[in-house]
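Below you'll find the structure, written out as structure tokens, and then a few comments.
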Amino acid sequence: MSLIDLSGNLLFVAFVAYLVATLLFGGAIKQSNASGKNTDKWGKLAITITIVGFLAQLGYFITRWIHTGHAPVSNMFEFTTAFGMFIVAAFILIYFIYRLTALGFVALPVALLIIAYASMFPSEVSPLVPSLQSYWLTIHVITAAMGQSILAISAVAGLIYLLKVVDLKKPSKQRFWLEAVMYCLVIVIGFVAVSSTFSAMDYESKYTYLDKEGVSRQITYNLPPIFGMHDYEAVEEHGMSPLVEMPALINAKKLTTVVWSLLVGSLLYLLIRLIARRRISALFQPLVKRVNLQLLDEIGYRSVIIGFPVFTLGALIFAMIWAQLAWSRFWGWDPKEVWALITWLFYAAFLHLRLSKGWEGEKSAWLALIGFGIILFNLIAVNLILAGLHSYA
């Protein structure tokens, strides 16, 4: 068995382990609610399997690194799987400090969705473009991913906090936006579903187009093209032609993926609502009825306190050093750079509001969710729609 095959198998083992651990964390919560006291039998088994899964994914990361000769963070598949792995690592660390079972029941599904999202991108090993052939790539990307993963734990704690305190029986802005968060999670599931379906069908549709510099290029769609690239011409169509032509700034193939995900995810959300006959947030609320709100608030705050400086180093300082070496400038207003700055400014505002204005509890939980939403927008929408120097990812 080659190293690349071994790495793929290890990633699959990790995914299955996280899935099993999620179910066990759910069992621990159910048992605790039924008995009225904390029982750690299921929790110990769940965290053990989580650690096994993390070690398997770490094995994937190392073996792929050895096989490729560079850190596996150079494209969307590699970066997103690493991001999921770091979220699990951050959760394990937090779990052993606070022993909060409900955290695992939410953090692991988030990691699972991110890893499943990564699996929709090409996983083949390809040579690095010249701008990526630098050890600063490894330092910058890994540190940024670590910072984002720690910040993600604050959003996990915030979501659990809101599931407990928001009254879902009365119409309110809080109820609306909490359900919107659940809807967004279903959209990611929709992306995985639609991408997997057309991948199994071996769908391909090829077009030539002109990029921002007016250079003719070829692109292959793996989903029926709703949007066409700038000045596109069909090389090989398969069932459907683009409905709308987009300007060169927009990556129409990736925008098509986003729209398909929204359509399928929305349909899936409506289906769940029809079957359950209640909001998705209401389905999960009984599982968090015994959590300690003060503890959740502390976890959310401490995650930002730790994650913010790590993110600052990776996404801004190390990124600027790499940008200077790769493109002879520290800052260029590339879409990815702009959203990294927006993310940094948001969390700086979070800490300011928390420390000087006393925004704790529910307000802090909402801010944590908004911050993670910005991180996901940078990961998904900016990468999938806007063309820039980071489009290789």
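The values are calculated or read from the model by the stated rules, or taken from the named source; none is laboratory data. Not measured: the values here are computed from a predicted model. Cβ coordinates were reconstructed from backbone atoms using ideal geometry, including for glycine residues, and neighbour counts include every protein chain displayed. Ligands, DNA and RNA are stripped out before the accessible areas are found, and what is left, the full protein with its side chains, is counted by its heavy atoms. Shrake-Rupley method; radii C 1.70, N 1.55, O 1.52, S 1.80 Å.
Here the chain is assigned +1 on the Cβ of each Lys and Arg and -1 on the Cβ of each Asp and Glu. Its dipole about the Cα centre then comes out at about 1980 debye. Just the protein heavy atoms count here, and of the accessible area of segment 261-393 at 1.4 Å, carbon and sulfur take up 70 percent. Overall shape: oblate for segment 116-275, with the ratio a/c of the largest to smallest alpha carbon gyration tensor axis at 1.5 or above and b/c at least equal to a/b.
Only helices reaching 20 angstrom along their own axis (Cα) with mean Kyte-Doolittle hydropathy no lower than 1.6 count here, and for the DSSP H runs of the chain these are 76-98, 101-118.
Calculated FRET efficiency, Phe176 and Val16, Cβ-Cβ r, R0 35 Å, to nearest 0.05? Here the calculated transfer efficiency is 0.50. Helix-only arithmetic for the chain: the sum of -39500 (n - 2.57) across DSSP H runs with n ≥ 4, divided by the residue total, places the mean residue ellipticity at 222 nm at -23000 deg cm²/dmol. Extension gain, Phe346-Ala248: 0.36 nm per intervening residue step, less the Cα-Cα distance, totals 32.3 nm. Most simply put, the chain has about 85% antiparallel DSSP beta bridges, counting only bridges with both residues inside it.
State the answer as a single residue: which of Tyr207, Trp260, Leu223 lies farthest towards the positive end of the charge dipole of the chain, with beta carbon charges of +1 for Lys and Arg and -1 for Asp and Glu, about the Cα centre. The one lying farthest along the dipole's positive direction is Trp260. When both bridge partners sit in segment 174-326, DSSP labels roughly 80% of those beta bridges antiparallel. Counting Cα-Cα pairs of the chain in 20 Å increments starting at 0 gives whole-percent bin shares of 26, 59, 15, 0.
Legend: residues Glu362, Glu236, sorted from most to least accessible area (1.4 Å probe; ligands, DNA and RNA excluded), read Glu236, Glu362. Computed over protein heavy atoms with a 1.4 Å probe, the accessible surface of segment 205-263 works out to 53 Å² per residue. Shape verdict for segment 263-393, please, from the Cα gyration tensor: rounded (a/c under 1.5), prolate (a/b greater than b/c) or oblate. Oblate, because a/c is 1.5 or more while a/b does not exceed b/c.
Annotation for Asp167 and Gln324: the two label points, set 7 Å from Cα along the Cα-Cβ direction, are 5.6 nm apart.
Counting only Cβ charges, +1 for Lys and Arg and -1 for Asp and Glu, the dipole size of segment 57-200 around its Cα centre is about 560 debye. Let a ≥ b ≥ c be the square roots of the eigenvalues of the Cα gyration tensor of segment 1-153; is it rounded (a/c under 1.5), or, if not, prolate (a/b larger than b/c) or oblate? Note, shape of segment 1-153 comes out prolate. Just want the answer: with Cβ charges of +1 for Lys and Arg and -1 for Asp and Glu, which residue in Gly59, Ala89, Leu24 is farthest toward the dipole's positive end in the chain? Value computed over the given set: Leu24. By the rule of a C-alpha distance below 19 Å, with chain neighbours fewer than 8 residues away ignored, the lysines paired with Lys169 are Lys289.
The lysines within cross-link reach of Lys253, meaning a Cα-to-Cα straight distance under 28 Å and a gap of 8 or more places when in the same chain, are Lys206, Lys212, Lys336.
Could you check which residue among Arg354, Arg64, Arg329 shows the biggest mean-square fluctuation in a GNM of the chain with a 10 Å Cα cutoff? Maximum among the listed residues: Arg329.
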